[in-house]
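The values are calculated or read from the model by the stated rules, or taken from the named source; none is laboratory data. All figures in this text were calculated on a predicted structure; none of them were measured in a lab. Cβ atoms come from the backbone with ideal geometry, glycine included; neighbour counts cover every protein chain shown. With ligands, DNA and RNA removed, areas are computed over all heavy atoms of the protein, side chains included. Shrake-Rupley method; radii C 1.70, N 1.55, O 1.52, S 1.80 Å.
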Amino acid sequence: MNKRSIVILGSGFGGLVVARELGCARPGKDSCSVTVIDHSRFHVYTPLLYEVATGFIEHENIGTSRLLRSGVTVANADLLARWGADFVEDDVEGIDWERREIRLRQAKPVHFDILVVALGAEVNFFGIEGMTEHALTLKNVRDADRLRQRIHDCLHKKEKGLDAKMDVVIGGGGATGVELAAELSMFLKRHMLKGHIKPEDFSISLVEATPRLLGMLPKELSAYAADRMRALGVHLDLDTCVKKVERNKVVIAPRPLKPGETSEQLVCDFRGESERVIEADIVIWTGGIRGASVLEKLGLALDSRGKRIEVGPTLEIPGKKDAFAIGDAALAMDPATKQPVPWLAQAAMVHGKVVARTIMNRLQGGPDATYDFRKYPVVVPLGGKCALARIDNLVFRGWIGWLIKEFANLRYFLTILPPIAALGLWWHGAKMYSQND
């Protein structure tokens, strides 16, 4: 019997879960192989990227970036070897569906019998003028390094008297924008304590197009997060859109009114003006994501808004036998709420378990597994030892929320690493990143 080839595109949260589940439980391991293809040699724990961008190291040197990265990255080859899977570091250029081959940029094509597309997402700039050219993002470790370097360049200019003030504008009041604004405030306050800068030497503004931060949470929790931001010195521009980004400036305006709405109902503080120009030495965009651009090379239909592959409850790609899409690459609609599955790591991991179970069942002639639409816990760090956590109907704020955040980090590392290695990675990161607190 020919050996069945299972290929997973992407080594993010969903892709790794598929590889892990198949490696731990697949029947007849000699009858099938698992190969993971990704352009990066490292798996990145993205919930802590804001720490890489803002981590405070007392004596910085050329190895600082590598040190900060070490708390969120694990080598893919080492991870996958534990589960008997192979790793190929390369860029996906397309798929030959007739030959069932993955075309790669450097290596020869890779044949597949079963395919899992887990290529993740990238930043969506929504066509905002100047955003691509002038804004920084926070989607991977390179972004985090670039942002950190930009912050330090501005601080050095300030210390030399070349700039009077460092103004930071963050677009997007979701979890990433809030986490980053809070931790950046803690980072700059740390520099204040060291005597490097004064309170009037910097400003942080958070621009959000809706009336509140963290729109996925109840209003009272959004209000708690907003109060925390203001306490940290972050200026909030709510009901406000970014219209254009230029060098060292951002053009903002009140969001468009909804039918029957008046300008008096907006919570932004400049409703009488059509636009406002604000100074910005650093612009960071966290206002949206879309399916990775590489999905457009795969010869598959994508939804018009998020550029994702539409799938049903089994997560199989329509018209493509034994081919699945999971995580941020997949658009699965909840039949009850008529809303898509959120862009969350937890959702991607559950997707991975469903697809792995289906693959194992098919290898044995069993039934397909289906995705059960559910609500996921939400944990949002709010700077220092403070976080907001919602688990089912339970809400935890402040220090207890921070403990839950740390437990969630450790719990994830324990799913991909041996216990001692997981504890070591978690403790290394927790100790290093807590220097801002």
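Would you confirm whether or not region 224-247 contains a residue that is basic (Lys, Arg), modelled with pLDDT of 95 or more and open to solvent by less than 80 Å² (accessible area, probe 1.4 Å)?
yes
Does residue 92 qualify as being open to solvent by less than 40 Å² (accessible area, probe 1.4 Å) and within 29 Å of residue 362 (Cα to Cα)?
Details: open to solvent by less than 40 Å² (accessible area, probe 1.4 Å): yes; within 29 Å of residue 362 (Cα to Cα): yes.
The answer is yes for residue 92.
Quick one: what pairs do we get from region 346-363, first residue more than 9 Å from residue 326 (Cβ to Cβ), second part of a helix (DSSP H, G or I) and of a type in the set (Asp, Glu), C-beta under 8 Å, 6+ apart or different chains?
353/21; 356/21; 357/21; 360/21
Being over 26 Å from residue 430 (Cβ atoms), assigned to a helix (DSSP H, G or I) and more than 23 Å from the chain's Cα centre (by Cα), is that true of even one residue in region 363-371?
Just the residues of region 363-371 that are over 26 Å from residue 430 (Cβ atoms), to begin with: 363-371.
Still in the running and assigned to a helix (DSSP H, G or I): 363.
If we keep only those that are more than 23 Å from the chain's Cα centre (by Cα) as well, we get 363.
There is at least one residue in region 363-371 that is over 26 Å from residue 430 (Cβ atoms), assigned to a helix (DSSP H, G or I) and more than 23 Å from the chain's Cα centre (by Cα).
Could you grab me the full set of residues in region 205-216 that are of a type outside the set (Lys, Arg) and open to solvent by 10 Å² or more (accessible area, probe 1.4 Å)? Steps first, please.
Residues of region 205-216 that are of a type outside the set (Lys, Arg), as a first pass: 205-211, 213-216.
Listed by number, the residues that qualify are 205, 208, 209, 210, 211, 215, 216.
Can you find, within region 323-381, the residue that is modelled with the highest pLDDT among those that are open to solvent by less than 40 Å² (accessible area, probe 1.4 Å) and charged (D, E, K, R)?
Looking at the filtered set, the residue picked out is 328.
Do we find that residue 260 is outside any helix (DSSP H, G or I), surrounded by fewer than 17 Cβ atoms within 10 Å (Cβ to Cβ) and without any contact (Cβ under 8 Å) to a residue 24 or more places away in the chain in this structure?
Numbers: outside any helix (DSSP H, G or I): yes; surrounded by fewer than 17 Cβ atoms within 10 Å (Cβ to Cβ): yes; without any contact (Cβ under 8 Å) to a residue 24 or more places away in the chain: yes.
Yes.
Within region 184-203, restricting attention to residues that are in a helix (DSSP H, G or I) and touching a strand residue (DSSP E or B) at 6+ places or on another chain (Cβ under 7 Å), which residue is farthest from residue 437 (Cα to Cα)? Working first, answer last.
Taking region 184-203 and keeping what is in a helix (DSSP H, G or I), we get 184-193, 199-201.
Still in the list and also touching a strand residue (DSSP E or B) at 6+ places or on another chain (Cβ under 7 Å): 184-185, 188, 201.
Working: 184: 11, 185: 10, 188: 11, 201: 20 Å.
Selected residue: 201.
Is there any pair with a first residue in region 211-231 that is at positive phi and a second that is open to solvent by 10 Å² or more (accessible area, probe 1.4 Å) and assigned to a loop (DSSP other than H, G, I, E, B) whose Cβ atoms are under 9 Å apart and which are 6 or more apart or on different chains, and what are they?
Short answer, once both residue conditions are applied: 214/174.
Considering region 250-283 alone, what residues qualify as being among the basic types (Lys, Arg) and more than 30 Å from residue 143 (Cα to Cα)? Break it down stepwise before answering.
Residues of region 250-283 among the basic types (Lys, Arg): 255, 258, 271, 276.
If the condition is that a residue be among the basic types (Lys, Arg) and more than 30 Å from residue 143 (Cα to Cα), then 258, 271 are the ones that fit.
Kindly indicate the residue of region 393-407 that is closer than 19 Å to residue 225 by Cβ and surrounded by fewer than 17 Cβ atoms within 10 Å (Cβ to Cβ) and also nearest to the chain's Cα centre (by Cα) among those meeting that condition.
Restricting to residues being closer than 19 Å to residue 225 by Cβ and surrounded by fewer than 17 Cβ atoms within 10 Å (Cβ to Cβ), the top hit is 403.
Could you list, in sequence order, all residues of region 189-212 that are closer than 24 Å to residue 151 by Cα and within 24 Å of the chain's Cα centre (by Cα)? Lay out the reasoning, then the answer.
To start, the set of residues in region 189-212 that are closer than 24 Å to residue 151 by Cα comprises 189-208.
Correct list: 204, 205, 206, 207, 208.
Quick one: what pairs do we get from region 69-95, first residue without any contact (Cβ under 8 Å) to a residue 40 or more places away in the chain and closer than 12 Å to residue 35 by Cα, second assigned to a loop (DSSP other than H, G, I, E, B) and of a type outside the set (Gly, Ala, Ser), C-beta under 8 Å, 6+ apart or different chains?
Taking only residues 6 or more apart or on different chains, the pairs are 77/41.
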